[in-house]
Each structure stands twice: as C-alpha cells, then as structure tokens.
Amino acid sequence: MKKILKRTGKVFCLFLLIVVLVNVLLPLFCRKPDEKYVENLKKTEFTSETAGVERICCIDDNEEALLWRLRMIGTAKESIVLSTFDLRADDNGTKILAALNCAAARGVKIQLLIDGIYQQLFLAGSSDFQALASYENVEVGVYNPVTPVNLFKVNYRMHDKYLIVDEKMYLLGGRMLVNIFMNEPSEAAMASGVQFLRIVSPFYFLVSCKLVSDGVLRGAGLMKEFMVATFTDLILRVGLAIGLSKVLGVTGVWCAWPIGWTIAMVLSVLFYRRGPWEKQKA
C-alpha cells in the first residue's frame with residue numbers, strides 16, 4: 001500500500017509540473033502568423049476576391065458560416081449533398097431545414113446524411129424534417145441508427161460535416177448545424193474552452209497507457225480489476241470536480257479529469273504488473 005501511495009504521489013507531482021509548464025511557459029512561445037505572410041496569402045490566385053475559375057475562403061465567424069450555408073443552398077440549381085453529425089430543429093437548424101425544403105420544391109436533388117443518434121433524438125418529431133423527407137427528389141440517409149440489435153455498435157458515430165452544391169461549391173468544416181456552434185461565441189466561453197484543452201490535452205498519453213492495460217486485463221478475463229480501475233476514474237472525476245470547483249471554479253472541473261485519469265492509470269498498470277502471467281514467470 002505504501003508503494004502505491006508513493007507512486008501516486010510522484011505521478012501527482014508530475015501532473016502539477018505539466019500543468020504549470022503548459023499553462024505558464026508554453027503560451028510564452030506561441031507566435032502569431034507573420035503579417036507579411038497573411039497579406040501575401042490574401043493576394044494569391046485562389047484567395048483573391050475577384051471573379052475567377054477556382055476560389056477558396058476561410059470562414060472564421062460562426063454567423064457568417066451559417067449565412068454561407070444558407071446562400072449555397074439557396075443558389076442550388078441541380079444538386080445538394082449535406083452531411084452532418086448533429087442537426088436539430090432549433091433556430092439555426094430550422095433555417096437550414098427551411099432552405100432545404102425550398103430547394104426541394106424547386107426540384108433540386110438533395111442527399112442528406114445524418115448521424116443516427118441525433119436524428120432519433122432531435123429530428124424524428126420535426127415537421128420540417130418530415131416535410132423534407134417526403135419529397136421524391138430527397139434522399140435521407142441515417143448512419144448507424146440505434147436499435148436493440150446493434151447496441152454494441154452504439155459508439156460508432158459519423159462526424160463528417162460538409163456541404164456540396166451543384167458539384168461546384170464545397171464547404172468543409174467542423175461546425176455542427178445547431179445554435180451553440182452557429183451563434184457568436186462569448187469570450188468567456190472561448191477562454192474556458194482554451195483553458196480546458198491546455199489542462200487536459202497533455203494527459204492523453206496517460207489515457208493511452210490505461211487503455212492498453214485495460215485491453216490486456218479484459219483479454220485475460222480480469223474484469224474485476226478492470227472495473228475497479230474504470231469506476232475509480234469515473235467516481236474520482238465527479239467527486240473531484242465538485243470539490244475543486246468550490247476552490248478553483250471551473251478550472252477545478254478541468255483539473256479533475258487528469259487527476260482521475262492518473263490514478264486510474266496507476267491502478268490499471270499495477271493490476272497488469274500483478275497479472276497471472278507474472279506469477280508464471282516467477
């Protein structure tokens with residue numbers, strides 16, 4: 001038990017050191033793009049604002065990204081291909097569905113691919129979605145719908161997000177067609193997201209170590225040990241998030257993740273090191 005506590009203490013100190021390095025020192029070395037490079041990039045053939053054969057454009061603003069999607073759908077004459085992970089009947093989702101309904105009424109061929117979970121949760125009862133699906137020139141594909149016979153594949157999800165119009169315009173991006181991703185984000189939300197990534201991302205290598213050890217434990221039939229390590233992680237993350245948030249605010253919630261991962265990883269590796277194969281070696 002003393003060895004476990006000693007190792008856990010060392011790993012926790014390493015955790016604190018990484019947090020300090022990532023949040024204090026790393027931002028000092030972040031460089032902004034060279035202004036001359038940005039200006040030269042704007043003057044290239046593909047990014048020019050003048051009319052031409054081929055053009056590319058980076059859309060950084062969320063509201064502008066929604067407007068571009070609506071413009072593209074509104075100008076479609078022959079075909080629309082839309083793939084998205086999350087499409088809901090909220091304000092922005094309803095605008096997209098309304099634009100697609102208008103395009104379908106014009107005779108535009110529409111192919112729509114949606115992830116099965118969100119289609120069942122948020123679109124199955126939408127009158128706008130049902131009206132769109134009723135057109136003969138509209139094909140709706142649902143990726144991996146959740147049914148009792150495929151519960152083991154419930155985590156197989158489709159995250160493709162793109163829009164193709166008339167095989168001439170192609171919009172590729174990570175935004176989902178819901179309010180939270182299409183409305184203008186607040187500075188507080190952006191800062192919180194950046195802080196979360198800075199605290200959590202350095203510790204994904206710990207998750208990798210735990211997943212490898214967990215795979216060996218499950219393969220060897222040591223499910224008791226696997227469940228102990230896994231539920232320790234879940235319980236610690238919830239408990240620490242509640243406790244640390246009272247002291248550190250939202251930062252405490254983010255810190256709870258790597259602490260839970262670290263302790264669970266130590267347990268999982270220890271269980272692996274004490275597996276029956278070690279006794280056979282002895």
Checklist outcome for this item: Of the residues Ala131, Leu100, Val142, the Cα lying farthest along the dipole of the range 62-182 towards its positive end, which is defined by charges on the beta carbon of Lys, Arg, Asp and Glu, belongs to Val142
Checklist entry - Which ordering of Cys57, Cys209, Cys102 is given by a fewest-first count of other beta-carbon atoms within 10 Å? => result Cys57, Cys102, Cys209
Next on the checklist: What are the equivalent ellipsoid semi-axes of the range 193-232, built from the alpha-carbon gyration tensor (square roots of five times its eigenvalues), in whole angstrom, biggest first?
Outcome noted: 27, 11, 5
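Going by how many other Cβ atoms sit within 10 Å of their own, how do Lys210, Lys161 line up, fewest first? Write out the running numbers ahead of the final one.
Details: Lys210 22, Lys161 18.
Placing the least packed residue first, the sequence is Lys161, Lys210.
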Next on the checklist: Under 5 Å between amide hydrogens, which residues at least 5 positions from Lys161 or on another chain qualify, with H placed 1.01 Å from N in the peptide plane?
Outcome noted: Gly173
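Within 10 Å of each residue's Cβ, count the other Cβ atoms and sort Thr262, Thr147 from fewest upward.
Values: Thr262 21, Thr147 11.
So the ranking, lowest neighbour count to highest, is Thr147, Thr262.
Over 25 Å apart: what share of the alpha carbon pairs of the range 62-182 falls there, rounded to a whole percent?
Details: 1286 of 7260 pairs.
Summing the P(r) tail past 25 Å for the range 62-182 gives 18 percent.
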Item to check | Pairwise centroid distance, computed over Cα atoms, of the range 220-238 with the range 67-85, Å | outcome: 46
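Can you tell me the dipole magnitude for the range 211-282 around its Cα centre, using point charges on the Cβ only (Lys, Arg +1; Asp, Glu -1), in Debye to the nearest 20? Kindly include the intermediate steps, with their values, before the conclusion.
Values: 8 positive and 4 negative charges, 34 e Å.
Result for the range 211-282 is approximately 160 debye, rounded to the nearest 20.
Only the coordinates and a few stated rules stand behind these numbers; no lab work does. No experiment lies behind these values; they were computed from the predicted model shown. No Cβ is skipped: glycine too gets one built from the backbone with ideal geometry, and neighbour counts run over all protein chains shown.
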